[in-house]
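Everything below concerns the one structure shown next.
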Amino acid sequence: HLEGLRGKPQSEQLAAMNRVVNDVPYRADPSNDPRKTPLEFFAQRGGCEDYALAQYASLKQLGFDESRMRMLVVQDTFSGQAHAILAVDMPDGTYILENQSELLLQHQPLQFRDGTWAYLPMVGLSRAKQWIYGRPTG
């Protein structure tokens with residue numbers, strides 16, 4: 001599926017790749033289940049972190065620079081659950097890719113009118129760095 005995207009604008013590649021990966025049915029992983037390689041994910045399905053890793057590997061295969069991508073472990077403020085997403089820096093902003101939506105959302109619209117956020121970042125991982133974000137208390 002990805003080979004047909006070569007040579008197209010990166011914004012088109014990003015949207016099409018996100019649809020391809022999100023077409024893989026979700027399967028909750030037991031907490032002790034090891035992460036899957038992208039090939040294992042496409043064959044066996046997986047959890048949110050497996051989607052983020054497959055998105056990362058797919059974009060890298062399409063020629064996206066790894067310095068523009070980072071996996072974030074966030075707290076979903078609706079469910080209170082930990083969730084993994086992929087942030088991708090594009091010329092017009094940072095986009096959030098996740099398995100719960102095929103929409104490509106820029107980071108800023110994930111803030112609600114009352115100032116709260118859909119996701120609270122906990123940990124960020126890229127090929128070169130790791131981040132631990134402060135968590136609000138109270």
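The values are calculated or read from the model by the stated rules, or taken from the named source; none is laboratory data. All of these numbers come straight from a predicted model, not from anything done at the bench. Neighbour counts run over all protein chains shown; Cβ positions are idealised from the backbone, glycine included. The area values use the complete protein model at the heavy-atom level, side chains included, leaving out ligands, DNA and RNA. Shrake-Rupley method; radii C 1.70, N 1.55, O 1.52, S 1.80 Å.
Values computed for the structure shown
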read-out	value
Residue within the range 59-77 that is farther than 25 Å from residue 129 by Cα, touching a helix residue (DSSP H, G or I) at 6+ places or on another chain (Cβ under 9 Å) and in a helix (DSSP H, G or I) present	no
In the range 6-25, the residues that are within 18 Å of residue 91 (Cβ to Cβ), in contact (Cβ under 8 Å) with a residue 40 or more places away in the chain and out of contact with any strand residue (DSSP E or B) (no Cβ under 8 Å at 6 or more places or on another chain)	13, 17
Checklist (1) over 22 Å from residue 123 (Cβ atoms); (2) open to solvent by less than 50 Å² (accessible area, probe 1.4 Å); (3) not basic (Lys, Arg) applied to residue 25, failing item	(2)
Qualifying residue in the range 42-52 (condition: part of a helix (DSSP H, G or I) and among the charged types (D, E, K, R))	yes
Residues within the range 100-113 that are modelled with pLDDT of 75 or more and part of a loop (DSSP other than H, G, I, E, B), tallied	1
From the options 124, 80, 134, residue that is in a loop (DSSP other than H, G, I, E, B), open to solvent by less than 60 Å² (accessible area, probe 1.4 Å) and either of a type in the set (A, V, I, L, M) or at pLDDT below 90 (or both)	80
Filter result for the condition that a residue is open to solvent by 70 Å² or more (accessible area, probe 1.4 Å), aliphatic (A, V, I, L, M) and more than 11 Å from the chain's Cα centre (by Cα), over 5, 103, 62	103
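Matching residues to (1) on the phi > 0 side of the Ramachandran plot; (2) open to solvent by less than 70 Å² (accessible area, probe 1.4 Å); (3) modelled with pLDDT under 80; (4) out of contact with any strand residue (DSSP E or B) (no Cβ under 9 Å at 6 or more places or on another chain):
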| residue | (1), (2), (3), (4) |
| --- | --- |
| 36 | no, yes, yes, no |
| 42 | no, no, yes, yes |
| 52 | no, yes, no, no |
| 67 | no, no, no, no |
| 74 | no, yes, no, no |
